[in-house]
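Visitor: Structure below; questions to follow.
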Amino acid sequence: MGFQATLSDARDRLRIAGDCRMTDAPALDATLRALREARPASVVIDLTRAGELDIGPSWLLHRAIADLRGRGTSIGFEGPPPEHFAYLDGFTAVSAAPAPAAPRTWPMRWLVDFGMRMEERWRSWYEALDFGGRVLVTAATRWTSLRRLRLPSVVRHIHETGVQAIPIVAVIAFLISVISAYIGAQQLRPFGADIFTVDLVAIGVLRELGVLLTAIMVAGRSGSAYAAELGVMKLNNEVDALESMGMNPYEVLVLPRVLALVIAMPLLTVVADAMGLAGGAVLTGYLLDLPWEQFVARLDGAIGPTTFWAGLVKAPVFGFLIALTGTMRGLQVRDSSRELGRLTTVAVVQSIFLVILADAAFAIIFLEIDF
Amino acid sequence: MKPVIEVRDVVNRFGSQTVHDGVSFDVFPGEIFGIVGGSGTGKSVLLRTILGLRQPTSGTVRVEGVDITRADDDQLRAVKRRYGVAFQNGALFSSLTVGENIALPVAEAMDLDEESLAALVGLRLRMVGLPLETAMKYPAQLSGGMVKRTAVARALALDPALVFLDEPTAGLDPIAAEAFDALVLYLRDTLHLTVVMVTHDLDTLARTCDRVAVLVDGKVIVDTLDGIVANEHPWIRQYFHGARGRAAWPQVEQGHGA
């Protein structure tokens, strides 16, 4: 029998017919709402033709009746009350759910918000410093014994973050170098200076592009992986389990990952440099009809003794920053899957930001010391 | 009486390992049906198969007459609306509050205004004996027992005809476990709910279950609890007549014998 809830025109008679399943709740709810808004002096609830009422709809009816009674409406029944009412009567003694407290508002609220945000920023930097310090201290104190450095773990992470990243880093370095060589050649040709395309590519790739592209790829690949791995371990209480066994999570989880990236980043950078130069050679060969020997000769003149090292020396620093950000954000995950997603995003964004900030700092330092 | 669940010759195989080798049983409406078995006998796999979350290697599973191993998406969705599941470790959505967790299936199935939805959330919390303030909390802020109860509240959100409970009393203190048994019995008696539960709690088995399925050697033995207790299979003897079993059986005599 289909469910029907009808209200008389005078709003003093509610007739319920048929079985009322949970799926009929919206229909019942709408009728009850109309009844409560009408606020009649008395209502008769006709249940003579009612079938079974599920607990959910029964509760909506029960609540509406309690509400109407509370406002002075007298309620009469025709037919037996729904069977769950006896059970539900036990619940009304309990007070209703407290309304969520409205957020307090006051003038200059924006100033308070601004202050709180600044404080949060400050705390975030402080935490990062604290975390970095702990990692360095752990590294310094575990240095004495190979076993404590957890070499198998370090090697595994070098494989995952370094060796497995070679194809993508190589392809990206090659393509970006081809693109920059192409633009360089186009711009320099009107001046008859197209041979300097080689200088542009060589210096650009070796000093900046190679290491920076590698760092951005690694931040996207491994920074996020570190954060997600440690985040899930955190959610699973695995970090607590480690600590309860007397192991130091900085030693077991963080240090191997940091070491791995500090080692893998320079190696990947060498790959990126080589592929970048190859890309430059291929493009200049096609576009400028520059033979291979001449490219090498020009290359020899273009780069100074420090050009290659100016790029490479940045690589371990970038690796350190990426690994630190990833592991730190991972260990900050608490309670929910949404936190995990948020902090993984934060890890990637911040590590790229830090890498570029550090790159700018290197540029200034190299300028000052004429490296 | 037409069975709610019909399991016929279900075989589940992982590689060369056969977990279920021709499992058949029926669950009838209004029944509390217990599933018991040692670790690794495939209780969870069986449950997942019945829920339509896993395709059995062979065999059929009918839920309310629909063969869920062959049903199309629409049929499967309709069947899934008719049952509620409380998973073993709650499986609460960690980024939603308890209230939002319980409201989710309701809001998904029908169009109700906020206030009525909140009222229904309040009802489910009361049904499982949780204070109303719990609605504001996140799953990570709950104790293990509260997580279990929230999971049951969410399973009951749509007033289902069929409820699956995976280890509902594991990790509950005896008082909470007893209240839980009473809740299950009440729901069955008044709502004519069918309950399928996987449990190792011998007290819960004794107090609530009408019939018990024991998974042994890839097969299933289904009987009333008294029948199972009297079974001569060595594993069943060990399971039901160990020190813990003997402590639970006086209740069997009182609850089922009388």
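Visitor: Taking only the C-alpha atoms, wrap a convex hull around the protein assembly as shown and report its volume per residue in Å³ as a whole number. Write out the running numbers ahead of the final one.
Guide: Working: hull volume 171.5 nm³, N = 629.
That works out to 273 Å³ per residue.
Visitor: Here is a follow-up. Share of Cα-Cα pairs in the stretch A:311-350 beyond 11 Å, in percent? List each step's numbers first, then the result.
Guide: Numbers: 481 of 780 pairs.
Result for the distance tail: 62 percent.
Visitor: Could you tell me what % of all Cα pairs in the stretch B:11-96 have separations over 22 Å?
Guide: Numbers: 1206 of 3655 pairs.
Percent of Cα pairs beyond 22 Å in the stretch B:11-96: 33.
Visitor: How high is the relative contact order of chain A, in percent, counting Cα pairs under 8 Å that sit 6 or more residues apart?
Guide: Numbers: 476 pairs, mean separation 63.2, N = 371.
Normalised by residue count, the contact order of chain A is 17 percent.
Visitor: Test of understanding: ordering B:ARG8, B:ARG207 by Cβ neighbours within 10 Å, fewest first, what list do you get?
Guide: Values: B:ARG8 16, B:ARG207 23.
The fewest-first ordering by Cβ neighbours comes to B:ARG8, B:ARG207.
Visitor: Convert 20 °C to kelvin, take the viscosity as 1.002 mPa s, use the Kirkwood radius over C-alpha pairs of the stretch A:106-213 as Rh, and evaluate the Stokes-Einstein diffusion coefficient in µm²/s, rounded to a whole number. Could you put the intermediate results ahead of the total?
Guide: Working: Rh = 19.2 Å.
My calculation gives 111 µm²/s for D.
Visitor: Further question on the same structure: Any chance you could run the full-extension gain for A:ALA34 through A:LEU357? It's 0.36 nm times the residue separation minus the Cα-Cα distance, nm to one decimal.
Guide: Numbers: separation 323, 0.36 × 323 = 116.28 nm, distance 6.27 nm.
The A:ALA34-A:LEU357 span can extend by a further 110.0 nm.
Visitor: Report the local net charge at A:GLY280: Lys and Arg +1, Asp and Glu -1, summed over other residues whose C-beta lies under 11 Å from its C-beta. Before the final figure, lay out the partial values.
Guide: On the way: positive: A:ARG298; negative: A:ASP199, A:ASP273.
Its environment carries a net charge of -1.
Visitor: If you don't mind, another one. Among B:THR199, B:ALA153, A:PRO266, whose Cα projects farthest towards the positive end of the dipole of the protein assembly as shown, with charges put on the beta-carbon of Lys, Arg (+1) and Asp, Glu (-1)?
Guide: A:PRO266
Visitor: While we're looking at this one, here's another question. When Lys and Arg each count +1 and Asp and Glu each count -1, what net charge do the other residues less than 12 Å away from B:THR60, Cβ to Cβ, add up to? Can you show the working numbers first?
Guide: Numbers: positive: B:ARG8, B:ARG62, B:ARG70; negative: B:GLU6, B:ASP9, B:ASP67.
Once all neighbours under 12 Å are counted, the net charge is 0.
Visitor: Based on C-alpha coordinates, I'd like the Rg and Dmax of the stretch A:207-307, in Å.
Guide: Rg, Dmax (Cα atoms, Å): 21.0, 67.
Visitor: If contacts are Cα pairs under 8 angstrom and at least 6 residues apart, what is the relative contact order of the stretch A:1-89 in percent? Spell out each step's value before the answer.
Guide: Values: 145 pairs, mean separation 27.1, N = 89.
Relative contact order for the stretch A:1-89 comes out at 30 percent.
Visitor: How much net charge surrounds B:ALA78 when only other residues with a Cβ under 11 Å from its Cβ are counted (Lys, Arg +1; Asp, Glu -1)? Before the final figure, lay out each step's value.
Guide: Details: positive: B:ARG77, B:LYS80, B:ARG81, B:ARG82; negative: B:GLU64, B:ASP72, B:ASP73, B:ASP74.
Summing Lys/Arg as +1 and Asp/Glu as -1 gives 0.
Visitor: Within the P(r) computed for chain A, what percentage of the Cα pairs occupies the region above 29 Å? The partial results should precede the final answer.
Guide: Details: 43103 of 68635 pairs.
Here the tail beyond 29 Å accounts for 63 percent of pairs.
Visitor: How large is the dipole of the protein assembly as shown about the Cα centre if only Lys and Arg carry +1 and Asp and Glu carry -1, each at its Cβ, rounded to the nearest 20 debye?
Guide: Values: 58 positive and 68 negative charges, 151 e Å.
It comes to approximately 720 debye.
Visitor: Full extension from A:VAL155 to A:THR306: what is 0.36 nm times the residue separation minus their Cα-Cα distance, to one decimal in nm? Mind showing how you got there, number by number?
Guide: Working: separation 151, 0.36 × 151 = 54.36 nm, distance 2.99 nm.
That pair, A:VAL155 and A:THR306, stretches by 51.4 nm at full extension.
Visitor: One-quarter of the Cα convex hull surface for the stretch A:263-371, in nm²?
Guide: Values: hull surface 36.9 nm².
Quarter of the Cα hull surface area: 9.2 nm².
Visitor: What value, in deg cm²/dmol to 500, does the helix sum -39500 (n - 2.57) over DSSP H runs of n ≥ 4 give at 222 nm once divided by the residues of the protein assembly as shown? Please report the intermediate quantities before stating the final value.
Guide: Numbers: 25 runs with 346 residues, N = 629.
Dividing the helical sum by the residues of the protein assembly as shown leaves -17500 deg cm²/dmol.
Visitor: With 25 Å as the limit, write out which pairs from A:LYS234/B:LYS43; B:LYS43/B:LYS137; B:LYS80/B:LYS148; B:LYS80/B:LYS137 have Cα-Cα distances beyond it, or answer none. Before the final figure, lay out each step's value.
Guide: Working: A:LYS234/B:LYS43 29 Å; B:LYS43/B:LYS137 32 Å; B:LYS80/B:LYS148 21 Å; B:LYS80/B:LYS137 27 Å.
Beyond 25 Å between Cα atoms: A:LYS234/B:LYS43; B:LYS43/B:LYS137; B:LYS80/B:LYS137.
Just so you know, all these numbers are worked out from the coordinates, no wet-lab data involved. Model, not experiment: these values are computed from the prediction. Quick reminder, even Gly has a Cβ in these numbers, built from the backbone with ideal geometry, and neighbours come from all protein chains shown.
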